[in-house]
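The values are calculated or read from the model by the stated rules, or taken from the named source; none is laboratory data. Model, not experiment: these values are computed from the prediction. Here the Cβ positions follow ideal geometry from the backbone for every residue, glycine too, while neighbour counts run over all protein chains shown.
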Amino acid sequence: MTTTQIIVPTYNECENINQLVLMLLELPVDVSVIVVDDNSPDGTGQLADQLAEQHPGRVRVIHRSGKLGLGTAYLAGYREAFTLQPDFIITMDADFSHHPRFIPSMVEKAGNGFDLVIGSRYVPGGDTPDFPWYRRLLSWGANQFAHVLLGLRARDATAGFRCYRREVLETLPIDSIKSSGYSFLIEMLFLVQNAGYRVGEVPIIFEDRKLGQSKISQQEIVKALNTVFRLFFRRLSG
């Protein structure tokens, strides 16, 4: 049976984590969940512990000392998942902008020969209905920037909703990744594509969070720009 580990980084997601994990466990695919909590002041980590007690073996919790960045949360989740030897490893946000209903189609596509499957806003059938015009422009610009400078072929290069084959992640030099925030996603895609792996996309409807606060800041945008330039010069140097 195909097995899938889902990594969910959290920081102040007490309004969402219980419902999200329960919806994930009810999916018609064999999944388990790894919550990576950055010492959320709102008690998200404690709620995740309760879920782990209620669903032993299917929910695991990694507690970190503080808000250490999205990229390092993914790395912590990867390392935990490697010990469990799943077929696939999925990353997603905890705020329902990445809805669990799209996971079966992502896993199916990954099972059909793709090494990385992205839940994409920018392929036919995908959409961002809640985005105001300036967020659409910012997202479009970020993707175009990454496409032109880095040669990334995926339409949604900045998406965090992803399904990797475990063996792919195990072969990548993930410990050498310098990015710690959302720019981590660009660097991961860069590594996957440059290693010659097959990247596919499935459409998703990206809905803005209904509960809690957004984690994106101007500082994260600046970090993403710096990451693209760093990888661009690395690409030029071969």
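What number of residues in the range 52-66 are exposed (fewer than 14 other Cβ atoms within 10 Å of the Cβ) and part of a helix (DSSP H, G or I)?
The initial filter retains those residues of the range 52-66 that are exposed (fewer than 14 other Cβ atoms within 10 Å of the Cβ), namely 53-54, 56-57, 65-66.
Filter once more, keeping what is part of a helix (DSSP H, G or I): 53-54.
Residues that pass the stated criteria total 2.
Among the residues of the range 158-203 satisfying the criterion of being of a type in the set (D, E, K, R) and outside any helix (DSSP H, G or I), which is farthest from N143 (Cα to Cα)?
R165
I'd like the full set of residues that are touching a residue at least 40 places away in the same chain (Cβ under 8 Å) and of a type in the set (F, W, Y), limited to the range 126-161.
F131, F145, F161
Given G151, G200, which one is closer than 26 Å to S105 by Cβ and either of a type in the set (G, A, S) or surrounded by 20 or more Cβ atoms within 10 Å (Cβ to Cβ) (or both)?
Values: G151 fails: closer than 26 Å to S105 by Cβ.
Exactly one of G151, G200 is closer than 26 Å to S105 by Cβ and either of a type in the set (G, A, S) or surrounded by 20 or more Cβ atoms within 10 Å (Cβ to Cβ) (or both), namely G200.
Filter the range 10-39 for residues that are in contact (Cβ under 8 Å) with a residue 60 or more places away in the chain, crowded, with 23+ Cβ neighbours inside 10 Å and of a type in the set (A, V, I, L, M, F, W, C) and give the result.
Correct list: I17, L20.
Restricting to the range 67-92, what's the tally of residues that are in a helix (DSSP H, G or I) and either within 13 Å of the chain's Cα centre (by Cα) or of a type outside the set (D, E, K, R) (or both)? Talk me through it step by step, then tell me what you get.
Just the residues of the range 67-92 that are in a helix (DSSP H, G or I), to begin with: 70-84.
Going one step further and asking which of them are either within 13 Å of the chain's Cα centre (by Cα) or of a type outside the set (D, E, K, R) (or both), we end up with 70-78, 81-84.
So the count comes out to 13.
Please verify whether the range 131-142 includes one or more residues that are assigned to a helix (DSSP H, G or I), farther than 29 Å from P41 by Cβ, modelled with pLDDT of 90 or more and not acidic (D, E).
No: zero hits.
Quick check on the range 129-146. Is at least one of its residues under 29 Å from E26 (Cα atoms), in contact with a strand residue (DSSP E or B) (Cβ under 6 Å, 6 or more places away or on another chain) and of a type outside the set (A, V, I, L, M, F, W, C)?
no
Can you tell me which residue within the range 217-238, out of those that are modelled with pLDDT under 80 and under 19 Å from V192 (Cα atoms), is surrounded by the fewest Cβ atoms within 10 Å (Cβ to Cβ)?
G238
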